[in-house]
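Before any comments, here is the structure.
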Amino acid sequence: MATVRISTPLRKLTNGQEEVKAEGATIGAVLADLEKNFPGIKERLCDESGQVRRFVNIFANEEDIRFLANLDTPVKDSDEISIVPAIAGGAG
Amino acid sequence: MTQELGDYERRRYARQLALPGWDVAAQVRLADATVCILGATPEAAATALALAGAGVGTLVIDAGLGDVPARVAALTTLCAVRVGAQAAVAGADAVVEAGAGAAARAALDAWARQARVPWVVAVSDGWDAQVAVLDQRVAGAPCARCVWPAPDERAESDAPAAPVAAWAGALAALEVVKLLGQGGSAGHAWLMLLSGLAGDVRRLRLRRAPGCPAHGDAGDAGGSPGASADAGAGAA
């Protein structure tokens, strides 16, 4: 299973976990597996057409998947996937 | 423009002047510079104090930063602090956007692209922080819109852990110092992520997005939108 790094705004959906495991041969499959375990997370990441929302960057081993094959980017068990939404900041 | 450092300045910045890649000319460039810091946040305060300590001559800060002018005055007499509005970016040599909000970021992005001024984003959210450097002096540099084409309308930022905000502010200040002093840089466009809970830092190089409406050109010859891994990255 790949390791998925979850940034702060999404941790409410992963029971506070910063790092979770998910399986799938592609990024799209990993997101589907995440949704299975953490309902609601895919809707935060993808729009109605299933594409990654414009304010979300997803990295496979620190490579932006938009430079690779987007949701079809292959994933190995040893891969680390980072989900990085834009942070507006301003709280505090 | 300042041509030389006085005895007091030489003593005050003696350790910095001894650093490899740094010299009197770089210190003079800092002394002559105006840096605008947008946002009334802990990141903005940390940026201001670090820049004042490093020797930036003039800071323009948000009125909401409260006691920061007094704290800068207690730190050094060599930094003038002006409390300004967002329009104050017009005279800035560099800008730091420290949680000023999506609208301010978009306006700054457009202005900096036009004026070819380098700017840095420093924002925190709970245990995480993001610092991005967008040097608009460099031909082909990406803008914020290349990286974040749209704001997250539903985003809710948590108050940052104090050391996380301080980290973001200090790193933003370091990048401004390098950008202005020309003392070397990690690259003209990159994004650094701090995961405070995991205790790790990742750095990603940003590239101009083909089709970004802000540029109206073919984007980075490298190809696709967004960011790619910076080889050898991984530590601040």
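Worth a mention:
- FRET efficiency, A:Ser49 to B:Ala90 (Cβ-Cβ, R0 56 Å, nearest 0.05): 0.85
- Diffusion constant of the range A:2-85 at 37 °C, which comes from Stokes-Einstein with the Kirkwood Cα-pair radius and 0.692 mPa s, µm²/s: 265 µm²/s
- Computed from label points 7 Å out along Cα-Cβ, the spacing between B:Arg137 and B:Gln114 is 2.1 nm.
- Amide H contacts of B:Val60 (H built 1.01 Å from N, under 5 Å, at least 5 apart or other chain): B:Val35, B:Cys36, B:Ile37, B:Arg82
- Length released on extending from B:Val83 to B:Ala18, taking residue separation times 0.36 nm less the Cα-Cα span: 20.2 nm
- For the range B:33-229, the alpha carbon convex hull comes to 115 Å³ per residue, rounded to a whole number.
- Difference of contour (0.36 nm per residue) and Cα-Cα distance, B:Leu197 to B:Asp158: 12.6 nm
- The protein assembly as shown: projected area of the alpha-carbon convex hull, averaged over directions, in nm²: 16.3 nm²
- Cut-off under 5 Å, modelled amide H: who pairs with B:Asp158 long-range: B:Gly126
Read-outs throughout are calculated quantities, based only on the coordinates presented, and are distinct from any laboratory measurement. Note that the structure is a prediction, hence the values are computed from the model and not measured. Using ideal geometry, Cβ is built from the backbone for each residue, glycine included, and neighbour counts are taken over all protein chains shown.
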